[in-house]
1. Could you work out how far the C-alpha centroid of the range 53-97 sits from that of the range 185-252, in angstrom?
2. Please give me, ordered by residue number, the GluC sites (Glu not before Pro) of the range 214-245 that lie in loop per DSSP and have at most 10 other Cβ atoms within 10 Å.
3. What's the extension gain from D179 to L76 if we count 0.36 nm per residue and subtract their Cα-Cα distance?
4. How far apart, in nm, are two points set 7 Å out from the Cα along the Cα-to-Cβ line at L93 and at V108?
5. Let me have the relative contact order for the range 15-65, percent, based on Cα pairs under 8 Å that are six or more residues apart.
6. Could you rank the peptides 196-205, 176-185 by their average count of other C-beta atoms within 10 Å per residue, with the highest value first?
7. Could you run the Debye sum over the Cα atoms of the chain, one equal point scatterer each and no solvent, and tell me log10 of I(q)/I(0) at q = 0.11, 0.14, 0.17 Å⁻¹, two decimals?
Amino acid sequence: MPRSFYRQNVKRHEKLYANAGIPRRLNVIDDLKGKPALQRSIEGMPPLGRETGTSDKTILDRQRMLVAVDEGVGMLFRVLKENKQLDNTVIILTSDHGYWYGEHGLSVERRLAYEEGLRIPLMIRYPGLTEGAGIIDQMVLSIDLAPTVLDLANVDKSYAAKMDGRSLLPLFQAHAPTDWRKSFLIEYNTDTVFPRVHKMGYRAVRTERWKLIHYLDMEGMDELYDLKNDPYEMKNRIAEKDAESTLKELRLELKRLQNSK
């Protein structure tokens, strides 16, 4: 998109949402108890808290930017409709991983394994695929996009054995496959881009209910969350006796996922 279009939209939307409330999640008030990795003292950095989270102005500006994105998508829809190609076009809308909005006191460090850093939107529109709008509950990943597009293009399915992801098309059928993934691996290797995440490389496993984060360079700082009862990841259950069996299962599953790469 040309820069002139971007500048025009920035100017037009600079006062948008001026009197609106700022969307925040409950975990902006996380006291970080049970998160020793986030409680570490890092030279030159203030302790994490409400003050270190993303500012209201930054969040408002991002919301204004997204309006310009919506307008751009709307322009594409109009052109496709005018040319009678809208219903013949597969439209996939997704995104990169965004920044924090102050959850756990975080701001730009987007590489951690909390839900806000993992989950991204994915919307697919293709009238020939489904009868109407709906939500799919199964866990899908970005690596599924390539096999999905190839499947839509009726490419020989022999490619599937060489790809990590799976086509999403079976999930749109009346009876979704019973062998769909129940867990997935999340990986991050320590880098030096953000001082806050120094030595915070990890391997993590996410299931439909649980998440285990194993830090590679720090001892005794792993985290375990029951996402069903604690969706905001406020309570680390790694040391709780009644979670021992779950922890053991997740460690085995994490090892299995790493070995199956």
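What follows draws every value from the coordinates through simple rules; no lab data is involved. Computed from a prediction, not measured in an experiment: that's the story for all the values here. In this analysis, Cβ positions are derived from the backbone assuming ideal geometry, glycine residues included, and neighbour counts consider all displayed protein chains.
1. 33 Å
2. E219
3. Working: separation 103, 0.36 × 103 = 37.08 nm, distance 3.64 nm.
Separation in residues times 0.36 nm, less the Cα-Cα distance, equals 33.4 nm.
4. 2.9 nm
5. On the way: 21 pairs, mean separation 22.5, N = 51.
With pairs under 8 Å counted, the relative contact order is 44 percent.
6. Details: 196-205: 20.1, 176-185: 12.5.
Averaged packing, sorted descending, gives the order 196-205, 176-185.
7. Cα-only, vacuum Debye calculation for the chain: -0.80, -1.19, -1.40.
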